[in-house]
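Please read the structure below before turning to the comments.
Every number here is computed from the coordinates shown, using simple stated rules; none is lab data. Predicted, not measured: the structure shown is a model, and the values here were computed from it. Here the Cβ positions follow ideal geometry from the backbone for every residue, glycine too, while neighbour counts run over all protein chains shown.
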Amino acid sequence: MYTYIPGTLVMIASLVIASVIAGVSWKRRDAAGARAFFVFTLGVLVWSLGEGSALLPLGPDWQVFWVKAAFVGIAVLVPAWMAFVMQYTGKERTVTLVATIAAAVVPAAAAVLSLSESVPVTELMEGTPYLLVMASVYLVVIISVIFLVAMLLAAPATYRRQIGFVLMGALIPWVVVLSPPFTTSLLEPTASWCVLCIMTAALAATAGALKAGLFGTIPLSKDRYFNNLTDGIFVLDPQFRLVEANRKGEEMVRHHSEELTGLPAAEFINHFPELQKGYEGEYEATYIQSMKKPDGSTEHFELRISPITDWCSRTTGHFLLVRDISRLKETEDALRTAHKKVSILSEISQHDIKNQLEVIAGYGGVLDDITPDDSDQKIYVRRILDASEIIAEHIAAARDCRDLGIRTPEWQSVAEGAARAGRILENHGVALEVEAGDLEIHADPLFEKVFYNLYENAIRHGGGITTMRVSASDAGGQVVIVVEDDGRGVATSEKEKIFEREYGSHSGLGLFLTREILSATGISIRECGVPGKGARFEILVPPERSRRADPAGEDAG
């Protein structure tokens, strides 16, 4: 009796492992292949239970019963494994149903014959019926291994460990269980013992696959991501001849890739020569192509080509992406047209308002001259004049905001921009010192307005300043432009508030607009002066937004 204890323990261990994995796969049943894998583990449970129970001294009738159960388990696990492999390797759309049915025919027939007792179990375990069952199982194993090996070779390194575990789970049990020494009799204790041991190893390997991310991060097959992309993809050889194209690319050129393989890209992609002129094979190049359709409408495409390199950084081909940007261009044109109309309306409105403000300022000035200084009317007249001045500043700020971010950023000399904006300082008797050298920054065309607003803010709130200084230096990998004065400075509690809209005793738009102009190109500003010793504004410019002009006249990158 004790000779059956080891086999029974192994059977129990196999059942426990299969149950755990079944539970895990069911929890992740929404992932591709998880449901088929769950059914596979159920088949393993039935098979293991049948094989293990057949070892026990229960008598001939019970042994036959459990052998029938083992046949049922095989009839379930074989097609379920085939379905899992098809889904896991991305073939489920075309062959899963057919392959599953084909894999189930022979094992299911053997199970039906054994259960109905149309054919004695002993006959199904030997001769031609047995060879047919084994042949069908071998065929499933071979097909699944081929698909998994092909997937392993083509998969990114991230998924190879997971696929390797799945492949191990396919190879270990089937190769050993179905090897000649163990196919003599399913009722022989030694053979069944080995079957259960190998199945336990296979389940452990599959458990390792779960640990490696199975059903959490299913590898995507090339067919899934390559042909389902909404952009046209063309893989070219070093001589710009077509190697492969995805389904969207075939639609764009109206040919199957097999018809164009080996042909130069210039023969089937319009304007490819223009793209090739700006591409040297080292860095990505982009070209915008517009084409007239037969109905008179225009299509717009973005062609982007980049090199494909090997581990030695040698160019082994080229990757061409063709993206339909017609809707984007239509939206861009519509926005540009709408902006133009709004700008025209805004300009007309601002012009008319400005004319009326000049009338108010003119008559207000007359009233200010003829009104006694110690009268209440004088106070009201001054308030009217101040209000008209603030309205004029709002109009000017609105004009600047209207243009902010619309025009393309450009390289501008910091010294020249600071000097041109310094005219407002001359009118107030304030000296300007500029020490920015040949520094240029890539900023919004309104960048000069930044200096003007900082100068005006210093005049208005600095408390009688006499000198403004502009300097530039490198610090921490970025350029810092400093604008400082010798006034009374900014209180610590107000250093952040001064950049908020409508903060302060006047319009409150100057420093707010300054920060918006800079932030449009990723440049920031802060106030870090010492209260009582003058204001100090630091403009922080990212490395890619600054450069030094070449003395010879050409800009250095």
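Some points to look at:
- Computed from the C-beta positions of R407 and S473, the FRET efficiency with R₀ = 25 Å rounds to 0.30.
- For region 448-497, chymotrypsin sites (Phe, Trp or Tyr not before Pro) meeting the loop criterion (DSSP other than H, G, I, E, B) and having at most 10 other Cβ atoms within 10 Å: none.
- Amide H within-cut-off set for V479, under 5 Å, with H built and near neighbours excluded: V541
- According to the Cα-based calculation, Rg over Rh for region 227-324 is 0.97, with Rh computed by the Kirkwood formula.
- Under 29 Å from the Cα of K497 - lysines, other chains or at least 8 residues apart: K449, K533
- With 0.36 nm allotted per residue and the present C-alpha distance subtracted, the M134-K495 stretch has 121.7 nm of extension available.
- Along each principal axis, taking the top coordinate minus the bottom one, the Cα set of region 436-531 gives 34, 25, 22 Å in descending order.
- Applying both filters, DSSP loop and at most 11 other Cβ atoms within 10 Å, to the chymotrypsin sites (Phe, Trp or Tyr not before Pro) of region 248-307 gives Y283.
- Highest to lowest packing among 128-134, 43-49, 79-85, scored as the average C-beta count within 10 Å: 79-85, 43-49, 128-134
- Note on N228 and R423: their simple-model spin labels are 6.2 nm apart, each label 7 Å out from Cα toward Cβ.
- In summary, the aspartates and glutamates within cross-link reach of K354, defined as a Cα separation below 19 angstrom excluding same-chain residues under 8 places away, comprise D386, E389, E393, D400, D403.
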